[in-house]
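Worksheet for the structure shown next.
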């Protein structure tokens, strides 16, 4: 790892973690938009790239709250809906596709 980088904390037992790639794919947004929402929500994440960076359920809830508010209403509401579906889906199954 480069100087100044830190590893994410391990996910607590019994909680599910979501990677950055999963969250981006589910929401249908770009990595840049995701990082903008993440930084506005003050959720810790990778400094560059890091598609395998795990986000806890609490982190995803913070992202949802930020995506539904402020200047993210156009891009954020569909992303927040997709992330809520991810949280509600059982861990062994994929969330239902929204048509």
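None of the figures in this text is laboratory data; all of them are computed from the coordinates on show. Everything numeric in this text was worked out from a predicted model, so none of it was measured. Neighbour counts run over all protein chains shown; Cβ positions are idealised from the backbone, glycine included.
Could you tell me which of the residues 35, 59 is out of contact with any helix residue (DSSP H, G or I) (no Cβ under 8 Å at 6 or more places or on another chain) and over 20 Å from residue 16 (Cβ atoms)? Exactly one residue qualifies, and that residue is 35.
Are any of the residues in region 68-75 within 12 Å of the chain's Cα centre (by Cα), buried (at least 17 other Cβ atoms within 10 Å of the Cβ) and part of a helix (DSSP H, G or I)? No, region 68-75 has no match at all.
Of the residues making up region 19-67, those that are on the phi < 0 side of the Ramachandran plot, surrounded by 15 or more Cβ atoms within 10 Å (Cβ to Cβ) and part of a loop (DSSP other than H, G, I, E, B) number 7.
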